[in-house]
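Notes to accompany the following structure.
The values are calculated or read from the model by the stated rules, or taken from the named source; none is laboratory data. All values derive from a computational prediction rather than experimental measurement. All Cβ positions, even for glycine, are placed from backbone atoms using ideal geometry, and neighbour counts span all protein chains on display.
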Amino acid sequence: MSRLDRTRTSAHQLRPFFSSQNLLNRADGSAQFDFVVGPAEVKLRDEKLDKATLEVVVRPLVGLPGIKDKAREQAIRETLEPLVLSGLHPRTGIQIVVQTMKDDGSILATAFNATILALLDAGIPLKSILGAVTCIVDSETNQILLDPTSQELANAKSTHTFVFDNKSSITSNTESKDQEDAVEVATLYSDSTGLFSEEEYFKCAQICYKAVQAVHGFIRTAVQKKLEKEQQQIHS
Amino acid sequence: MATPAFTFTPSTFQKLHPAEFFRRFTTEGVRPDGRLLDAFRPTTVHHGVISTANGSAMVRIGGTTVVCGVKAEVAEPKLDAPDQGYLVPNVELSPMCSSKFRPGPPSEQAQAVSEAINRVLKESKVLDLKDLCIEEGKAVWVLYVDAVCVAYDGNIFDAALAAIMAALNNVRIRKPTYQEGTIKVSGGSTATDENSFTLKLARTPLSATFAIFDTTLTILADPNVTEETISDGQISIALDETGQLCGVTKIGAASCSQSAMKDCVQSAKKRTQQLRNIMNQQ
């Protein structure tokens, strides 16, 4: 299975969008528009004296935001809270708006990835970046499939979304010949539904951890390319 | 002359430095309410507390009390699933249960908990929705499952899920007959085995929730409201009676190691078994 991959992302509203090729070998139709405003003034009742207040708004593709979107808002905000160096901007607000442009599965993971790119673009200070990926256990083949499409999601026995930061170290057991068991992963956010065993859960975590390394690489490359383009524009 | 030292009563210290006050306890392996770090609060389950509902239950975990009522109504099925009924779970967190909730539309927390429970019920296929069909394409049962929190002391997810599962187990619906566009339900003042049916639940998922504290790297079972406020993140694990996982959530706080997650799963297995025994006893 090797299909071309495209994740379209966008950052702060005045910047141009850019699309990049993703290193994950899956056709991913999910694309997302995401913008960050901040640090900006915040309503008095939401003001925190020693930190910046994070606000996340998730807008679906069609219709008004529902409880699914509220749950995603909570997930994104709670995951970002420990990552954003909010102590550097006390009594301010950072607003993140996530707008779905196309939904072909793995929406939450795409939202996380787009959010971190938007935060980087806005220049919000961060402790580390994060990378997210979704995987499913197929109900017929019991295979673990990364980055499922909506169709694959409908046939899933269980769905798992993992978010990892780029700081947790891999403690690999070099004596073990089987590389699959070697990694001790540390999860930043984990959400799994469906019916699954403990072994399946931890195996999915391992597989997603390896895939997320590619996401981290992509984020690094994307930011690099953007900076190079900006440099060219300044000097031309 | 000796410099005056600041001394606080414990309650003042708790108000001024809640995190530090808490840390003093956890380093000794206990919490301010006297529990050990991995202990769950005393739990009770009562079935059939609302006589006017099709099914109901009340669950108390420590100070958190949730009452759940299930009402069955007849409705037209959704166009893409003409032979299936549907389940509408809702968790209500109102000012009645705690002053931290304001009147008005449901807060983000209430919506997130409702959505989390909805996903556990749907994705782990607790109920075969085809069982709720009365007449394909014309009439199905819709079950409104309302879990109302009447006292909030942390860990709403465990209490609400347990109350909802106990209420669903308790449901009795009168057997309907479909006749040319109208539904007739058998008469009689009481619901008996002949004129009503109960729900066939494929599994009963129950959960255990833990709070994560970053600064001390501790994970506490069943946080109460003060612990929840100062915690950095939460882990919730739902299991069914066969030991299969029905849901795992880890949200907030810094990265959590696999071994910590494994410990939580083990603790959740014991806790859900204990909860099941409590539910089946009463």
- Of the residues in the stretch A:101-123, those that are out of contact with any strand residue (DSSP E or B) (no Cβ under 6 Å at 6 or more places or on another chain) and buried (at least 21 other Cβ atoms within 10 Å of the Cβ) come to A:105, A:107
- Item | Residue among B:265, B:248, B:225 that alone is within 30 Å of residue A:83 (Cβ to Cβ), under 17 Å from the mean Cα position of the chain (by Cα) and within 14 Å of chain A (Cβ to nearest Cβ) | B:248
- Task: Quick one: which strands (runs of 3 or more DSSP E) lie wholly within the stretch B:169-219 and hold at least 2 residues that are surrounded by 15 or more Cβ atoms within 10 Å (Cβ to Cβ)?
- Result: B:172-174, B:196-198, B:206-213
- Item | Tabulated pairs, the stretch A:41-61, first among the polar types (S, T, N, Q), second modelled with pLDDT under 85, C-beta under 6 angstrom, 6+ apart or interchain | A:53/A:42; A:53/A:46
- Among B:150, B:145, which is the only one that is touching a Pro at 6+ places or on another chain (Cβ under 8 Å), modelled with pLDDT of 95 or more and part of a strand (DSSP E or B)? B:145
- Determine whether the stretch B:40-59 contains at least one residue that is of a type in the set (Lys, Arg) and more than 19 Å from the chain's Cα centre (by Cα). no
- Item | Identity of the residue in the stretch B:121-142, part of a loop (DSSP other than H, G, I, E, B) and either at pLDDT below 90 or out of contact with any strand residue (DSSP E or B) (no Cβ under 7 Å at 6 or more places or on another chain) (or both), that ends up nearest to the other protein chains (Cβ to nearest Cβ) | B:125
- Task: Could you identify the single residue in B:212, B:164, B:230, B:219 that is within 14 Å of the chain's Cα centre (by Cα) and β-branched (Val, Ile, Thr)?
- Result: B:164
- Note on the structure: Subset of the stretch B:234-245, residues within 7 Å of chain A (Cβ to nearest Cβ) and either under 11 Å from residue B:209 (Cβ atoms) or among the polar types (S, T, N, Q) (or both), comes to B:244
- Query: Restricting to the stretch A:182-228, what's the tally of residues that are in contact (Cβ under 8 Å) with a residue 24 or more places away in the chain, of a type in the set (Phe, Trp, Tyr) and at the interface with another protein chain (Cβ under 7 Å from one of its Cβ atoms)?
  - Reply: 3
